[in-house]
Amino acid sequence: MSDTPEYSYIVDLRQIGDAPLVLEPDADARRRLAGRFGITAIDAARVQVKLIADGPVVRADGRLTAAIIQACAISGEDFPVKIDEPLHLRFVPETQIAAEPDEEIELSADDCDEIPYTGLTFDLGEAVAQSLALAIDPFAEGPLADKARAEHNLAGDEASGPFAALAALRGKE
């Protein structure tokens, strides 16, 4: 496996300005990211983000939008999916991350992802790629899911779950 990310956008802390950044991976990067994520295609991906430096800590707040093609978890047919998510990241020098390896940390849903970096640069592109991966529903159902369920006799959880198997055994007594 290569250490080269499919999409990279290096930010130098000394160059952070007031203007928002817009990142749009090119077709080749989108193709490689789709392969990494196990989806059919990424037709478009765009991030608009504002970087706010507080000493060595940099906060990135913005929005991630994408148009992807992925396979339905039930029918296997490809279908389009739109992604529109807020993006909240926090880049922190590796030396400032003080958690002990065995220490438990609780995060609320509102806490932003904390990403360690070394030196004077961090890879915003890879952080965006990871955020996109997390926004993809691995069990998404397309428009043909109900038809596939009916064709293959895939009933709901009640009729095919572990308790249904127990009930069937009970009926054999």
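Cβ-Cβ distances below 6 Å connect the following pairs, each with a first residue in the range 49-72 that is under 15 Å from Arg14 (Cα atoms), a second residue that is outside any loop (DSSP other than H, G, I, E, B) and of a type in the set (Phe, Trp, Tyr), and a separation of six or more residues or different chains: Val58/Phe91. Is it true that some residue in the range 141-155 is part of a loop (DSSP other than H, G, I, E, B), at pLDDT below 75 and either not assigned by TED's automatic domain parsing to the domain that holds Glu24 or not small (Gly, Ala, Ser) (or both)? Checked against the condition, which is being part of a loop (DSSP other than H, G, I, E, B), at pLDDT below 75 and either not assigned by TED's automatic domain parsing to the domain that holds Glu24 or not small (Gly, Ala, Ser) (or both), the range 141-155 yields at least one hit. Checking each residue in the range 82-97 for being surrounded by 15 or more Cβ atoms within 10 Å (Cβ to Cβ) and either at positive phi or of a type outside the set (D, E, K, R) (or both) picks out Ile83, Leu87, His88, Leu89, Phe91, Val92, Pro93.
Listed residues Ile39, Ile52; which is among the aliphatic types (A, V, I, L, M) and farther than 16 Å from Ala135 by Cα? From the options Ile39, Ile52, the qualifying one is Ile52. Within the range 51-92, track down each residue that is part of a strand (DSSP E or B) and touching a Gly at 6+ places or on another chain (Cβ under 6 Å). Once the filter is applied, which keeps residues that are part of a strand (DSSP E or B) and touching a Gly at 6+ places or on another chain (Cβ under 6 Å), the range 51-92 yields Phe79, Leu87. Asp28 satisfies every condition listed in (1) of a type in the set (Asp, Glu); (2) surrounded by fewer than 19 Cβ atoms within 10 Å (Cβ to Cβ); (3) under 16 Å from the mean Cα position of the chain (by Cα); (4) not in a strand (DSSP E or B) except (3).
In this structure, is Val11 over 18 Å from the mean Cα position of the chain (by Cα) and either aliphatic (A, V, I, L, M) or outside the structural domain of Ile97 (by TED's automatic domain parsing) (or both)? So Val11 fits the description; yes.
Inside the range 1-33, residues that are over 15 Å from Ala67 (Cα atoms) and touching a helix residue (DSSP H, G or I) at 6+ places or on another chain (Cβ under 9 Å) make up a count of 8.
The values are calculated or read from the model by the stated rules, or taken from the named source; none is laboratory data. These figures come from a predicted structure and were not determined experimentally. When we count neighbours, we look across all protein chains shown, and the Cβ atoms used for this are built from the backbone with ideal geometry, even at glycine.
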